[in-house]
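First the structure, in the form of structure tokens, and then the observations on it.
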Amino acid sequence: MKDRLTAFRALTVLAAAFAPLLAAEPDMSFDLKLKTGLKGGSARQELKDNKIFGFALGASRAYGSGRLTAELGFDILPGQNYDATPFSGAIHAPAGTGLGIADPATGHPYFLRPNESLDLRKESAQGFSLKLGYAAPLSWNQGLSWHAGISLEAYKVSSEFTGTLRPMYVNASGTPTQVATSLGKYYEGFAFVSSGTSFAPGAFAGLRQEIGEDFAVELNLRSFGLKHQDYRPTTYTGAAPVLETSTKRGFSFDVALCLKL
């Protein structure tokens, strides 16, 4: 909740800084936007989902031959559960006096069996988006205009990690065997949720078609960034567990139904 309030306050400050430009001209217009679309890029790969939803409050005023625009919105980027268990590559486990990747007695490498281990993950995001731009009419169709500008997203990402990893090896008789220590059969388990908000700049461009006096439809293509979290358990690296963070870029193509206020 604290991260979300911080993000909202920061975007409100930016919107307030742009407000005098909008308020300086009596020719003002406002609309409420309902948005849905598809997302792509690294953001889609990490969230394992291509959908995006949201709503926004937009404002504009005349400026030269076009209009200055501002939009404050809230976006939802859903994610899907996926199995991240690595069934190839080196697997580490306590063996003998320290960490290793093979059974000391047989020399057979450790591995994870699909029916014995599971690393289940899910990442999703939601948060605020501020867009500032410029729009101008297109002469070849009545009521049609183009728009473009910059944006700032403050998305709170929630990452879920649930797993039980049981390193195994093939013993001298050829039977898959779970690694054992002086404390019993060894396994690594984890179950937690980590969340955090990050700010990332972006850009957008699109078209808007007026439909009568009360409605309009917008098509938008935009880029955005969000925080990504990756948990690396001991079983994968042989080192202490660590939660790594990075920024991923994505893009979305969305359609917005605009109700003029």
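The values are calculated or read from the model by the stated rules, or taken from the named source; none is laboratory data. All figures in this text were calculated on a predicted structure; none of them were measured in a lab. Here the Cβ positions follow ideal geometry from the backbone for every residue, glycine too, while neighbour counts run over all protein chains shown. Note: areas computed on protein heavy atoms with side chains; ligands, DNA, RNA excluded. Shrake-Rupley method; radii C 1.70, N 1.55, O 1.52, S 1.80 Å.
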### Query
Consider residue 241 against the criteria (1) closer than 22 Å to residue 128 by Cβ; (2) over 17 Å from the mean Cα position of the chain (by Cα): it satisfies all of them except one. Which criterion is unmet?
(1)
#### Entry: Pair list, Cβ < 7 Å and 6+ apart or interchain, from the stretch 62-79 residues that are touching a residue at least 12 places away in the same chain (Cβ under 8 Å) to residues that are open to solvent by 30 Å² or more (accessible area, probe 1.4 Å) and among the acidic types (Asp, Glu)
62/25; 62/27
### Selected residue (only one of 249, 208, 222 is in contact (Cβ under 8 Å) with a residue 24 or more places away in the chain and over 27 Å from residue 124 (Cβ atoms))
208
### Query
In the list 61, 9, 44, which residue meets the criterion of being exposed (fewer than 15 other Cβ atoms within 10 Å of the Cβ) and modelled with pLDDT under 95?
9
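Okay, residues lined up against (1) at pLDDT 95 or above; (2) more than 20 Å from the chain's Cα centre (by Cα); (3) more than 27 Å from residue 148 (Cβ to Cβ); (4) not in a strand (DSSP E or B):
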residue: 205; (1), (2), (3), (4): yes, yes, no, no
residue: 208; (1), (2), (3), (4): yes, yes, no, no
residue: 213; (1), (2), (3), (4): no, yes, no, yes
residue: 218; (1), (2), (3), (4): yes, yes, no, no
residue: 222; (1), (2), (3), (4): yes, no, no, no
residue: 225; (1), (2), (3), (4): no, no, no, no
residue: 235; (1), (2), (3), (4): no, yes, yes, yes
residue: 246; (1), (2), (3), (4): no, no, yes, no
### Query
Looking at the stretch 68-85, is at least one residue among the aromatic types (Phe, Trp, Tyr) and at pLDDT below 95?
no
## Note on the structure
Among (1) farther than 30 Å from residue 91 by Cβ; (2) out of contact with any Leu (no Cβ under 7 Å at 6 or more places or on another chain); (3) surrounded by 18 or more Cβ atoms within 10 Å (Cβ to Cβ), residue 210 falls short only on (3)
### Query
Restricting the search to the stretch 189-203, which residues are at pLDDT 90 or above and either open to solvent by less than 40 Å² (accessible area, probe 1.4 Å) or basic (Lys, Arg) (or both)?
190, 194, 196, 197, 200, 202
### Message
If residue 223 satisfies all but one of (1) among the small types (Gly, Ala, Ser); (2) closer than 27 Å to residue 91 by Cα; (3) open to solvent by 20 Å² or more (accessible area, probe 1.4 Å), what's the number of the condition it fails?
### Response
(2)
